[in-house]
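The values are calculated or read from the model by the stated rules, or taken from the named source; none is laboratory data. Everything numeric in this text was worked out from a predicted model, so none of it was measured. Glycine also receives a Cβ, built like all others from the backbone with ideal geometry; neighbour counts cover every protein chain displayed. Please note that ligands, DNA and RNA were not included when accessible areas were found on the heavy atoms of the full protein model with its side chains. Shrake-Rupley method; radii C 1.70, N 1.55, O 1.52, S 1.80 Å.
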Amino acid sequence: MKLVCIIWAMLSGLYTASFAQEGRPALASETTEDGRVKTILQKALPHDLPDWRVDDESKTEGVAWFHDGGAAVKYPFSHGFFIRYVRQNVSEAEKEKWRKIAVDMAGIQKMLDETECEIKILVNGFSANLETDGTAKNRSITPFDLALVGPRESRLAMGTGWKIAKTENLDDQQTAYSLAAPQNHAVPMTQIQTVLVAVKGSPAVLDYFLKNTDVAALRALVGQQKVSRPTASSTVKIGEKPLVKPVAGVNEIEITLNGGDFQHRLIRLKHSEQGEFGYLRNNHPDPAVTDNATTRILIQEDDDFKMKNKAGFLDITIPFIRQTGVFEVQPGAEKASFSGGINCWEGCEYSFDADGLTITVTRYDPVGGFIEGTFTGDVNVVYKAHLSLDNDQKKRPNAQIQGRFKVRRKADRY
């Protein structure tokens, strides 16, 4: 499943990461919906138990950025929440019991299974794995449609069509289970189809937390569809046709770095027909809705696999389209970015990103023409970020950057 915002760490093989620069900002309705669902998940889970305390949990702010332009449009809009509990107010008798048991790895694991609990909930997840050193039981637990309970971990699912798709005996006396549910592509991908709960802890711990969880609130999420479409007032219709004949010319990219490790160092990235392009990322399946669109300019030299010659790249995102103008890029900006690298082969010798710079777009042709402009300002510089160097060695003095780009505009993306 391709998901645009990676909400939390990998849940038993459910998630895949995407290149952040290829993403797009969330629409206001998407941010609101993600925050709403996360808040429901948080409130459904217990927070005031006499013998357990919350050790860590997710925040409930709505997603601000997606890492795939089609998420919540082409793919199911997922929402996630994580919470971890640890035992407290343990009696002396119980402490003594655990001291007697925790004399080997099996005993230590049994103690952890009874004194720690992790719960991860994924809304709109359609597959899950469970690997256990014992047999997991398919239990009937209301209101879940499928509940697979193992000695140390469990998977509980709500939604239509959940089944144990595969069971496999592994070489190390482990058993692997694969759970799956079908996606309904006839409904909006922002509609909630499933709720998947992963619990780490013994079956007794699972039962205790289920009794103290508002599972009815989780069940009520299934079928909800709260994401609104942009209204007519937020829709901007701009008619534009690609050029019948592409404009003659080639891409041109030039960078000058000065300060720190650089003394007016001029870099001209070599022309690459396949690795240089500019495009409009519309962020919405309706080409007329451009209120959240961006322009991306990516320049990357061809990899030389034979000679392993080092290459460079430049990656720019700006939050306006089909127009010329000036835009400031500040560190941490959500809808704008500027980054690059030089002498790159299995990692870059130097990489850099915006520390406050100005991008000026002087030309913005229809598809088949060129996007041209200049940039100037300051960049943060890091040395060999891919290597195990300490932070002081990696961090280099900031530098000033200036340069220009001329990149052919290719087809819009949605």
Taking segment 323-337 only, how many residues are touching a residue at least 12 places away in the same chain (Cβ under 8 Å), out of contact with any Pro (no Cβ under 8 Å at 6 or more places or on another chain) and open to solvent by 30 Å² or more (accessible area, probe 1.4 Å)? 7
Answer yes or no: is there a residue in segment 18-28 that is at pLDDT 95 or above, under 20 Å from residue 124 (Cα atoms) and under 18 Å from the mean Cα position of the chain (by Cα). no
If only one of 340, 347 is surrounded by fewer than 20 Cβ atoms within 10 Å (Cβ to Cβ) and out of contact with any Pro (no Cβ under 8 Å at 6 or more places or on another chain), which one is it? 347
Identify, from the list 190, 213, the residue that is within 19 Å of residue 123 (Cβ to Cβ) and in contact with a Leu (Cβ under 9 Å, 6 or more places away or on another chain). 213
Would you be able to say whether some residue in segment 70-88 is farther than 30 Å from residue 177 by Cα and at pLDDT 90 or above? yes
Looking at (1) surrounded by fewer than 17 Cβ atoms within 10 Å (Cβ to Cβ); (2) in contact (Cβ under 8 Å) with a residue 40 or more places away in the chain, can you tell me which one residue 194 breaks? (1)
Do the conditions hold for residue 63, that is, is it assigned to a loop (DSSP other than H, G, I, E, B), more than 28 Å from the chain's Cα centre (by Cα), modelled with pLDDT under 90 and not polar (S, T, N, Q)? no
Among the numbered criteria (1) surrounded by fewer than 16 Cβ atoms within 10 Å (Cβ to Cβ); (2) of a type in the set (S, T, N, Q); (3) under 24 Å from residue 45 (Cβ atoms), which single criterion is violated by residue 169? (3)
Report yes if some residue within segment 257-276 is at pLDDT 85 or above and either within 27 Å of residue 191 (Cα to Cα) or among the acidic types (Asp, Glu) (or both); otherwise report no. yes
Does residue 159 satisfy being at pLDDT below 95, open to solvent by less than 20 Å² (accessible area, probe 1.4 Å) and not hydroxyl-bearing (Ser, Thr, Tyr)? no
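Can you give me the number of residues within segment 359-382 that are within 15 Å of residue 401 (Cβ to Cβ) and open to solvent by 30 Å² or more (accessible area, probe 1.4 Å)?
The number of residues fulfilling the criteria is 6.
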With criteria (1) touching a Ser or Thr at 6+ places or on another chain (Cβ under 6 Å); (2) at pLDDT 85 or above; (3) not hydroxyl-bearing (Ser, Thr, Tyr), residue 385 comes up short on (2)
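Look at residue 393 and say whether it is within 30 Å of residue 244 (Cα to Cα), at pLDDT below 85 and not hydrophobic (A, V, I, L, M, F, W, C). Reasoning before the result, please.
On the way: within 30 Å of residue 244 (Cα to Cα): no; at pLDDT below 85: yes; not hydrophobic (A, V, I, L, M, F, W, C): yes.
No.
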Return a yes/no flag: does segment 234-249 have any residue that is at positive phi, modelled with pLDDT of 85 or more and part of a loop (DSSP other than H, G, I, E, B). yes
Boolean, residue 286 is out of contact with any strand residue (DSSP E or B) (no Cβ under 8 Å at 6 or more places or on another chain), part of a loop (DSSP other than H, G, I, E, B), modelled with pLDDT under 85 and farther than 30 Å from residue 378 by Cα: yes
Specify which of the listed residues (220, 176) is at pLDDT below 95 and out of contact with any Pro (no Cβ under 6 Å at 6 or more places or on another chain). 176
If a residue counts only when it is under 26 Å from residue 217 (Cβ atoms) and open to solvent by less than 50 Å² (accessible area, probe 1.4 Å), which strands (runs of 3 or more DSSP E) contained entirely in segment 87-155 have at least 2 such residues? 116-123, 127-132, 146-149
What residue, among those in segment 394-411 that are over 30 Å from residue 365 (Cα atoms) and under 29 Å from the mean Cα position of the chain (by Cα), is surrounded by the most Cβ atoms within 10 Å (Cβ to Cβ)? 396
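Kindly provide the set of residues from segment 253-264 that are loosely packed, with under 14 Cβ neighbours inside 10 Å and assigned to a strand (DSSP E or B), ordered by number.
258, 263, 264
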Within segment 156-187, which residues are of a type in the set (D, E, K, R), without any contact (Cβ under 8 Å) to a residue 12 or more places away in the chain and not in a loop (DSSP other than H, G, I, E, B)? 168
